[in-house]
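Here the structure is laid out as structure tokens; the discussion comes afterwards.
Just so it is clear, none of the values below were taken in a lab; they were calculated from the coordinates. The structure presented is a predicted model; accordingly, all values stated were derived computationally and were not measured. Because the Cβ atoms are built from the backbone with ideal geometry, glycine has one as well, and the counts that use them run over all protein chains shown.
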Amino acid sequence: MVTMKQIANRAGVSISTVSLVLNNRDIGRVSPDVAERVRDIAAELGYLTNRLASGLRTSSTRTIGFLSDEVATTPFAGRMIEGAQDVARMPAFFDKHPDVDGFFCFNDTRAWAIYTEATRRGLIIGKDIAVVGVDNHQVVAEALDPPLSTVELPHYEMGYWAVGKLVSLIEGEAPDPFPRAGYPVEKVQPPPLSEQSPQLECQLRIKQSWVRPRSQR
């Protein structure tokens, strides 16, 4: 098991310095270069924080218990837990990364959590930070204020290609032509059915939640 003493010896700093860095209490106390070196060495050595020891030392376990009636059987349990995890993560991320100027979320619902936390902290979406989601969920993306910039997945094209591929496997030959006549002209052209790992183009729908990064302003 890797210890803070090993990291301190490798980095040429004191154990207390390593402790400050690995417990994210280094801002204003440890120079950025030293903090980066300590984190790099910790990652290289495979250091894992002992949460139990840290909790005993600080009287804070940083753990939230989640209770819900019939959580194992209700079909909505997964979404409930996902929402609880999202709102628990956001404050920690903002605290550890005060200079962040944008978030790219893997779905629009996660972006919603960013909106909530940003509002709580007095940040203006589209001015102070940028937020981009994925899905272009009609209910979420347009309901948020400001409207959410989001990556629109090619759902129609995905279904079209998948069934076209299935038909070609069943019949032993690809439909000719593909896509068939009548394919919507506004849709992205699907890849050939011969492709084993097809890639479909996604569209970025830029709305008011987008702001140019600080480095480019």
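With a Förster radius of 45 Å applied to the C-beta separation of SER31 and GLN203, the computed FRET efficiency comes to 0.55. Rounded to the nearest 0.05, what FRET efficiency do LEU153 and LEU123 have when you use their Cβ-Cβ distance and R0 = 25 Å? Once the sixth-power term is evaluated, E becomes 0.35. Using a simple spin-label model with pseudo-atoms 7 Å out from Cα toward Cβ, GLN189 and PHE104 lie 2.6 nm apart. Distance from the alpha carbon centroid of the range 131-207 to that of the range 1-31 works out to 49 angstrom. Approximating the spin labels as points 7 Å out from Cα along Cα→Cβ, the ASP40-to-THR116 distance works out to 3.8 nm. Each residue of the range 113-129 was assigned a 3J(HN,Hα) from its phi angle through the Karplus expression (A = 6.51, B = -1.76, C = 1.60, θ = phi - 60°), giving 5, 5, 4, 4, 5, 5, 4, 4, 9, x, 8, 9, 5, x, 10, 7, 9 Hz with x at Gly and Pro.
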